[in-house]
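Taken together, the values in this text are just the output of simple stated rules run on the coordinates, not laboratory data. This one's a predicted model, so the numbers in the text were calculated from it and none came from an experiment. In this analysis, Cβ positions are derived from the backbone assuming ideal geometry, glycine residues included, and neighbour counts consider all displayed protein chains.
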Amino acid sequence: MITRKRLATGACALLAALSVALLPTGAAADEPAAKESPKVELVLDVSGSMRAKDIDGKSRMAAAKQAFNEVLDAVPEEVRLGIRTLGADYPGNDRKRGCKDTRSLYPVGPLDRTEAKTAVATLAPTGWTPIGPALLGAADDLGEDGATKRIVLITDGEDTCAPLDPCQVAREIAAKGIHLVIDTLGLVPDAKTRQQLTCIAEATGGTYTSVHRTEELSRRVKQLVDRAADPVVTPVATEGAAQCEKAPQLKPGLYTDRESFGEHRWYRVDLLPGQELRASVSVSADRAVNNDYGVLLRAVTLHGREIVRGSEAGDGRTDVISTGLRYPKPEADDGPGDAKPAAETVCLQVSNSFSAPPSVKTTPGMPVELTVDVVDGPSSASDVASFGLGRGWWLLGVLVLAGFLAGLLWGWLSRWRVAVWRTN
């Protein structure tokens, strides 16, 4: 006799078999060993100035805690993450003690999100701003193995523990050759803080971002953690030209450059018929600028005909402005023989309309991040409809099929139970 227990067991076995058959199998035994998991250390300023209430109507510390909670929820599984504080423990005036006030709040390793959030929740603005010692401590936390390593420093002020210059500390860390990048974020920074944090970031090939809102802080830290998880997007330095004919040839990747106020810079990308060009650009105002500014990204032909453009305007509420574009090149008509279609050179123009008060230096130019990607473009209406889901469609199909079969089995089980109940 078929019992309910046996029927339920059979249903589970059938669903498990379907899952095994339809989902991808694990890695083969003879595949090469996986690379070491990337490491990230978030270094948070907990000095007394973090009490200031000038971010979304709340204190800088409250904004940082909220952003940290959002970031910790989104950390990729493969990332080993740690948190270090500076200025969190000593509230006194003894400079020697205050400049040693940095500690590991959460050790670098597999992330326990609840434990990390609990540790962050205990923090309260307290003491000094020993950025140099904190960077040295973070570098030690990350170690010198072959993993990619990233320090993300969040502070609202410049170092208060000179003569240990944090910019020189960053240069010394870079000189070790341990593949460590330092990114810096300034919370409502003044000119001196901008200058110091920019120097720290540039010393290791990192980025500097000025932050005035909680959402900006959360979004930027998430981006940097994701970048550590995907080291292929590590920025490559390049230098745009004044004309397309002299511009550098770019392949898919992430590039950094500097652009003066109101400048136009050109880059070139080769595109085959049937491919799609996707490009985006971000310009960071790493110094005081006038309100009302914009950034323009254009794709044009070698003959100057505009293909597509993207633009964005700002009004002073953020120091980073971004825009992007997409250009699908149509498939070429089949020609005689086996001749391959020739690539088209697309010229990318990056322009900005920033301006600054007379007292602000305009050199060097502002940091620019340019992302270039070339993919196979959509070839039919159905491809266009599913654009962006990629290989997610097969998983959606599996889930729909599994749900359908589970519904049938559950209906069969319910009807069987009713029949048994009536016979009894």
(request) Output the residues belonging to segment 196-210 that are of a type outside the set (A, V, I, L, M, F, W, C) and in contact (Cβ under 8 Å) with a residue 24 or more places away in the chain. (result) Q196, T198, T204, G205, G206, T207, Y208, T209, S210
(request) Tell me, yes or no, whether segment 117-136 has at least one residue that is in contact with a Cys (Cβ under 8 Å, 6 or more places away or on another chain), part of a helix (DSSP H, G or I) and among the β-branched types (V, I, T). (result) yes
(message) Taking the condition of being buried (at least 16 other Cβ atoms within 10 Å of the Cβ), in contact with a helix residue (DSSP H, G or I) (Cβ under 9 Å, 6 or more places away or on another chain) and of a type outside the set (A, V, I, L, M), how many residues in segment 236-270 meet it?
(response) 3
(request) Please identify the pairs in which a residue from segment 102-123 that is closer than 15 Å to V225 by Cβ has its Cβ atom under 6 Å from the Cβ atom of a residue that is of a type in the set (V, I, T) and crowded, with 19+ Cβ neighbours inside 10 Å, counting only partners at least 6 apart or on another chain. (result) Y106/I83; L111/V75
(message) Among the residues of segment 180-192, are any within 16 Å of P367 (Cα to Cα), among the polar types (S, T, N, Q) and surrounded by fewer than 19 Cβ atoms within 10 Å (Cβ to Cβ)?
(response) no
(request) Quick one: in segment 90-102, of everything that is surrounded by fewer than 21 Cβ atoms within 10 Å (Cβ to Cβ) and out of contact with any Ser or Thr (no Cβ under 6 Å at 6 or more places or on another chain), which residue is nearest to T160 (Cα to Cα)? (result) R95
(request) Test G157 against the stated conditions and say whether it is outside any strand (DSSP E or B) and either buried (at least 19 other Cβ atoms within 10 Å of the Cβ) or within 24 Å of the chain's Cα centre (by Cα) (or both). (result) yes
(request) For N69, state whether it is in a loop (DSSP other than H, G, I, E, B) and either touching a helix residue (DSSP H, G or I) at 6+ places or on another chain (Cβ under 9 Å) or without any contact (Cβ under 8 Å) to a residue 60 or more places away in the chain (or both). (result) no
